[in-house]
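Written below as structure tokens is the structure these notes are about.
The values are calculated or read from the model by the stated rules, or taken from the named source; none is laboratory data. None of these values were measured; they are calculated from a predicted model. Backbone-built Cβ (ideal geometry, glycine too); neighbour counts: all protein chains shown. The protein model used for the area step is the full one, side chains on, heavy atoms only, and it has no ligands, DNA or RNA in it. Shrake-Rupley method; radii C 1.70, N 1.55, O 1.52, S 1.80 Å.
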Amino acid sequence: ALNYGLSHCSGTFIARMDTDDVSLPHRLYTQLNVLLHEPSIDIVGSYASEIDNFGKIISLRKVPISHSEITKYIWTNPLIHPSVMFKKDSILKIGCYRHLKFRQDYDLWFRASRNGLIFKNIPEPLIHYRMDRQLKKKYNFKIVCEMVFIGLRGCVIARCRPVAYIGVFVPMLQLFIPPFLRSHLNRFFNKIDPRKRN
């Protein structure tokens, strides 16, 4: 569906959205202004205000801002997919989205990094990002294996640091370790996850 949508868009720039999220009124103007005045940039995202099922803001999700930080931590999925605007031609040149059941964006960012596309995140929330707190409870072994495989393949593609190969196994560890150990694991990885340290 993502590729079908891309093939039917005639514009130079594509803004991503999910149906249950909300773009702020100035989002498109802000991102378009970046892409027009910084022509080297291919993909621009932003922070997001996380909201619950009732639309109430519950937290601020931050992400690395500069290209160097984003590529350094590309294994952490440092772009919020529904916040992103990108150059259509840049995404077409790297093969668009792969036909995956999950984490199509995660896979795309790895390939974009490997192919030299330039990233930027705007350090302000431009969307309200609806969080499904029950989503992780729906993950089964098959889903988690696919997530880990995408991460490992991406780390090879993007030539990530050794810590990245450990980090992509976090979903697998969360699935199997007892709840009383899970909180300790989460605290450890929060220290190396740039989305948690901002």
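A few comments on the model shown:
- Under the Karplus curve 6.51 cos²θ - 1.76 cosθ + 1.60, θ = phi - 60°, whole-Hz ³J(HN,Hα) for the stretch 3-14, x wherever Gly or Pro sits: 5, 4, x, 4, 5, 9, 8, 9, x, 6, 10, 10
- Rounded to whole Hz, the Karplus (6.51, -1.76, 1.60) HN-Hα couplings of the stretch 125-130, x for glycine and proline: x, 10, 9, 9, 9, 6
- In summary, the aspartates and glutamates within cross-link reach of residue 62, defined as a Cα separation below 12 angstrom excluding same-chain residues under 8 places away, comprise 50, 124, 193.
- Amide H within-cut-off set for residue 50, under 5 Å, with H built and near neighbours excluded: 58, 59, 60, 61, 129
- The alpha carbons of the chain stretch over 49, 39, 30 Å along the principal axes, in descending order.
- Placing pseudo-labels 7 Å out from each Cα toward the beta carbon at residue 34 and residue 99 gives an inter-label distance of 3.3 nm.
- Free-standing Cys, the chain [no other Cys Cβ under 4.7 Å]: 9, 96, 145
- Partner aspartates and glutamates whose Cα lies under 13 Å from the Cα of residue 93, excluding those fewer than 8 positions away in the same chain, are identified as 42.
- Here the stretch 1-72 is assigned +1 on the Cβ of each Lys and Arg and -1 on the Cβ of each Asp and Glu. Its dipole about the Cα centre then comes out at about 100 debye.
- Residue-normalised accessible area of the chain, expressed per residue, 1.4 Å probe, Å²: 55
- Residues of the stretch 149-170 with amide N under 20 Å of the 7 Å Cα→Cβ point at residue 59: 167-170
- Against the chain, whose longest principal axis comes from its Cα atoms, helix 179-192 is set at around 40 degrees.
- Annotation: aspartates and glutamates with alpha-carbon distance below 15 angstrom to residue 56 (same-chain offsets under eight excluded): 20, 21, 132.
- Largest accessible area first, the listed residues 96, 155 line up as 96, 155 when surface is computed with a 1.4 Å probe on the assembled protein chains.
- Accessible carbon and sulfur surface of the stretch 47-141 relative to its total accessible area, %, 1.4 Å: 51
- Most mobile of 26, 128, 67 in a GNM of the chain (Cα contacts under 10 Å): 26
- Other-chain or far-sequence residues with amide H under 5 Å of residue 23's (modelled H): 128
- Ranking 172, 85 from most to least accessible surface, computed with a 1.4 Å probe over the protein chains only, gives 172, 85.
- For residue 122, distant residues with modelled amide H under 5 Å away: 45, 46, 47
- Ellipticity estimate at 222 nm from DSSP helix runs (n ≥ 4, -39,500 (n - 2.57)) divided over the chain, nearest 500: -12500 deg cm²/dmol
- Percent accessible area from carbon and sulfur atoms, the stretch 1-43, protein chains only, probe 1.4 Å: 62
- Of all the options 102, 176, 54, the one that moves most in a Gaussian network model of the chain with Cα springs shorter than 10 angstrom is 54.
- Sites residue 4 and residue 173 - FRET efficiency at Förster radius 35 Å, r taken between beta-carbons, to 0.05: 0.50
- The angle between the Cα long axis of helix 27-37 and the main principal axis of the chain comes to about 70°, on a 0 to 90 degree scale.
- Listed values for the stretch 154-167 are Karplus-derived 3J(HN,Hα) couplings in whole Hz (6.51 cos²θ - 1.76 cosθ + 1.60, θ = phi - 60°), namely x, 4, 5, 4, 8, 6, 6, 5, x, 4, 5, 5, 6, x, and x replaces Gly and Pro.
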